[in-house]
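Asker: This is the structure I have questions about; it appears just below.
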Ligand SMILES: [Zn+2]
């Protein structure tokens, strides 16, 4: 098949012509205000329903929420694309600030609506969601109702939100200030360089061990000097969160993150239990890698050290063709979807100045399209990233037949479609590797992902649960925070770790995200959940695509336990389920050790 060359620069003008100077974009943002007002009036005029006669009024509110959210997301998505493609676009940054100010108005309106749902008599509520047109929204209406029942009164919750601006989320901003203020000097190739924390962390994959160690030591030193500032920030952020939980009568610190991810504690426990029971394989890998690097045990700063100097590259067109070929082996719909994305300018891949680092995928709900952002420089890891983001876009595409309010999936399932797509490509790359060094590098790339999800993320989870437990009894000393972190690392790496990183809690922004508590286990969940779907897909061949899309369509209307039972026939509260995905990762380790032991 012949294919024309795919564009490397995305098309944003189809949404609002003229970029951040677009009069249409400004008008769109202006038009949000009356939409908010309209929604507020509908919510204010709703009295607590006492019969099914209230169904049309509730439907009108849902329709208005849909309208507000879609318009808000469309503007937010376009602005994040504009600021990512050119970090110097001041006009876009200004509009972004204006939009987030506006967006803050929506949560009190929604909260008020949720409170009204919470006050409906159970029998009336059951009739409303079973016997009227509200049936389609049973899951989210029940979720909102339950959430409001577990919160305090509307006035108290409003007070918490108001106090949280300075007392809670500002600690997250304080963290950003503290971390961006840090500069360290590291000698790289005979030259002293002054680096930010991010830049110093990037040296973790430098080929020279002395450079990796110097960067790590410099960071540990500066975090030790400033540890009291970070400890105070973490203690107060956690203290606020715990005080709110206590007032609401919530005992477990994982209650909120579990609800956000629509999952049970048993499921997390089964997942970590299964992982822990198979850690020996990954600890072996760590020790084996240490030997390859000429050391006894793998030190923290050697995790990302390269073990080969393989540098396989594919230009953008080749990378795209590679993805299309392998998506096509899984299913026709995924291939043709990705072809549209490549052909129609959905992807920004050009390597040029002033672009933000990293990659993302964002949906444009009003246009039923997505946009993917990344910088493609030709490495296999770029091809993986591209496949990953296309996976996110495919998830959005699969959800098209579903009502927009039933498309709001959580973080743990968000990474399912992306990891799945990435896995198709990563596996194919290993299979098609043309020489052994390349194969070793690609395999290691896969294993490092497993190690990150099974060990590094586990350490974060252990640290956070233990720190929060101790924080319930008062401020935790800096010395103790370091101890909890080190213990968690040693335990999570199951004897495979040499030198620890005691100030990891200060270097990772994830512990300071106030919007989403416990920003860790959903990553591991998404990874293993998608692996088990991938295993099923391999078993069933191209016929699986339809089932896969049906699963994706249900990702925002049921708990993850129900989702797995309905579409995979699996009980994810049991370790057996998780062990199947882990077994796939163990195969990579066995193959890697065999290839590098010759
Ligand atoms: Zn992702």
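The values are calculated or read from the model by the stated rules, or taken from the named source; none is laboratory data. None of these values were measured; they are calculated from a predicted model. Cβ coordinates were reconstructed from backbone atoms using ideal geometry, including for glycine residues, and neighbour counts include every protein chain displayed.
Asker: From 270, 238, 274, 283, grab the single residue that is buried (at least 16 other Cβ atoms within 10 Å of the Cβ), at pLDDT 95 or above and over 25 Å from the mean Cα position of the chain (by Cα).
Answerer: On the way: 270 fails: over 25 Å from the mean Cα position of the chain (by Cα); 238 fails: over 25 Å from the mean Cα position of the chain (by Cα); 274 fails: over 25 Å from the mean Cα position of the chain (by Cα).
Every option except 283 fails the conditions.
Asker: Follow-up. For the range 497-526, enumerate the residues that are at pLDDT below 95 and not in a helix (DSSP H, G or I).
Answerer: Of everything in the range 497-526, those that are at pLDDT below 95 and not in a helix (DSSP H, G or I) turn out to be 508, 513, 514, 515, 516, 517, 518, 519, 520.
Asker: Could you please find all residues in the range 286-299 being out of contact with any helix residue (DSSP H, G or I) (no Cβ under 6 Å at 6 or more places or on another chain), surrounded by fewer than 20 Cβ atoms within 10 Å (Cβ to Cβ) and not in a loop (DSSP other than H, G, I, E, B)?
Answerer: The answer is 287, 290, 291, 292.
Asker: If you scan the range 349-365, which residues turn out to be away from the ligand (no atom under 16 Å from the Cβ) and within 21 Å of residue 75 (Cα to Cα)? Before you say what the answer is, go through the steps one by one.
Answerer: Within the range 349-365, the subset away from the ligand (no atom under 16 Å from the Cβ) is 349-355, 364-365.
The answer is 355, 364, 365.
Asker: Now for a separate question. With respect to residue 104, is the statement that it is within 23 Å of the chain's Cα centre (by Cα), surrounded by fewer than 15 Cβ atoms within 10 Å (Cβ to Cβ) and within 28 Å of residue 558 (Cα to Cα) true?
Answerer: Yes, satisfied.
Per-residue answers, yes or no, for (1) buried (at least 16 other Cβ atoms within 10 Å of the Cβ); (2) at pLDDT 95 or above:
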{"residue": "314", "(1), (2)": "yes, no"}
{"residue": "335", "(1), (2)": "yes, yes"}
{"residue": "354", "(1), (2)": "no, no"}
{"residue": "358", "(1), (2)": "no, no"}
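Asker: If you take the residues of the range 182-200 that are in contact with a strand residue (DSSP E or B) (Cβ under 9 Å, 6 or more places away or on another chain) and part of a helix (DSSP H, G or I), which of them is nearest to residue 291 (Cα to Cα)?
Answerer: At the first step, the residues of the range 182-200 found to be in contact with a strand residue (DSSP E or B) (Cβ under 9 Å, 6 or more places away or on another chain) are 183-188, 192-197, 199-200.
From what is left, the residues that are part of a helix (DSSP H, G or I) are 197, 199-200.
Values: 197: 29, 199: 27, 200: 25 Å.
Here the answer is 200.
Asker: What do you reckon, is residue 420 modelled with pLDDT of 90 or more, within 15 Å of the ligand (Cβ to nearest atom) and crowded, with 19+ Cβ neighbours inside 10 Å?
Answerer: yes
Asker: Within the range 389-398, track down each residue that is within 15 Å of the ligand (Cβ to nearest atom) and either closer than 19 Å to residue 15 by Cβ or without any contact (Cβ under 8 Å) to a residue 60 or more places away in the chain (or both). Steps first, please.
Answerer: Quick first cut of the range 389-398, residues within 15 Å of the ligand (Cβ to nearest atom) only: 389-396.
Across the range 389-398, the qualifying residues are 389, 391, 392, 393, 396.
Asker: Check residue 378 against each of (1) closer than 19 Å to residue 560 by Cα; (2) touching a strand residue (DSSP E or B) at 6+ places or on another chain (Cβ under 6 Å); (3) surrounded by fewer than 20 Cβ atoms within 10 Å (Cβ to Cβ) and name the one condition it does not meet.
Answerer: So the condition that residue 378 fails would be (1).
Asker: Suppose we filter 127, 91, 136, 155 for residues that are free of Cβ contacts under 8 Å to residues at least 24 places away in the same chain and part of a helix (DSSP H, G or I); which single one remains? Full working, then the answer.
Answerer: On the way: 127 fails: free of Cβ contacts under 8 Å to residues at least 24 places away in the same chain; 91 fails: free of Cβ contacts under 8 Å to residues at least 24 places away in the same chain; 136 fails: free of Cβ contacts under 8 Å to residues at least 24 places away in the same chain.
Checking each option against the conditions leaves just 155.
Asker: Quick test for you: out of 109, 120, pick the one residue that is in contact (Cβ under 8 Å) with a residue 24 or more places away in the chain, surrounded by 17 or more Cβ atoms within 10 Å (Cβ to Cβ) and not in a helix (DSSP H, G or I).
Answerer: Only one candidate passes the filter, namely 120.
Asker: Within the range 59-69, is there a residue that is in contact (Cβ under 8 Å) with a residue 40 or more places away in the chain and under 23 Å from the mean Cα position of the chain (by Cα)?
Answerer: We begin by selecting, within the range 59-69, every residue in contact (Cβ under 8 Å) with a residue 40 or more places away in the chain; these are 59, 61-62, 65-66, 69.
Keeping just the survivors that are under 23 Å from the mean Cα position of the chain (by Cα) gives 69.
Yes: one or more hits.
Conditions (1) surrounded by fewer than 15 Cβ atoms within 10 Å (Cβ to Cβ); (2) in a helix (DSSP H, G or I); (3) out of contact with any strand residue (DSSP E or B) (no Cβ under 8 Å at 6 or more places or on another chain), marked per residue:
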residue: 38; (1), (2), (3): yes, yes, yes
residue: 53; (1), (2), (3): yes, yes, yes
residue: 59; (1), (2), (3): no, yes, yes
residue: 73; (1), (2), (3): no, yes, no
residue: 100; (1), (2), (3): yes, yes, yes
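Asker: Scan the range 152-169 residue by residue and report those that are closer than 14 Å to residue 110 by Cα and within 26 Å of the chain's Cα centre (by Cα).
Answerer: Answer for the range 152-169, where residues must be closer than 14 Å to residue 110 by Cα and within 26 Å of the chain's Cα centre (by Cα): just 161.
Asker: So, one more: Go over the candidates 592, 529 one by one and state the one that is in a helix (DSSP H, G or I) and over 24 Å from the mean Cα position of the chain (by Cα). Show your work before the answer.
Answerer: Values: 529 fails: over 24 Å from the mean Cα position of the chain (by Cα).
The unique qualifying residue is 592.
Asker: Exactly one of (1) within 16 Å of the ligand (Cβ to nearest atom); (2) under 30 Å from residue 483 (Cα atoms) is unmet by residue 454. Its number?
Answerer: (1)
Asker: In addition: Of (1) within 20 Å of residue 323 (Cα to Cα); (2) touching a strand residue (DSSP E or B) at 6+ places or on another chain (Cβ under 6 Å), residue 398 satisfies all except one. Which?
Answerer: (2)
For every residue, the table says whether it meets (1) more than 12 Å from the ligand (Cβ to nearest atom); (2) modelled with pLDDT of 95 or more; (3) touching a helix residue (DSSP H, G or I) at 6+ places or on another chain (Cβ under 6 Å); (4) not in a helix (DSSP H, G or I).
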{"position": "370", "(1), (2), (3), (4)": "yes, yes, yes, yes"}
{"position": "376", "(1), (2), (3), (4)": "yes, no, yes, yes"}
{"position": "381", "(1), (2), (3), (4)": "yes, no, no, no"}
{"position": "384", "(1), (2), (3), (4)": "no, no, yes, no"}
{"position": "387", "(1), (2), (3), (4)": "no, yes, yes, no"}
{"position": "400", "(1), (2), (3), (4)": "yes, yes, no, yes"}
{"position": "412", "(1), (2), (3), (4)": "no, no, yes, no"}
{"position": "431", "(1), (2), (3), (4)": "yes, no, no, no"}
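Asker: Another one. Among the numbered criteria (1) within 20 Å of residue 202 (Cα to Cα); (2) in contact with a helix residue (DSSP H, G or I) (Cβ under 7 Å, 6 or more places away or on another chain), which one does residue 391 miss?
Answerer: Only one criterion is unmet by residue 391, namely (1).
Asker: Kindly indicate the residue of the range 247-268 that is free of Cβ contacts under 8 Å to residues at least 40 places away in the same chain and assigned to a helix (DSSP H, G or I) and also nearest to residue 580 (Cα to Cα) among those meeting that condition.
Answerer: 265
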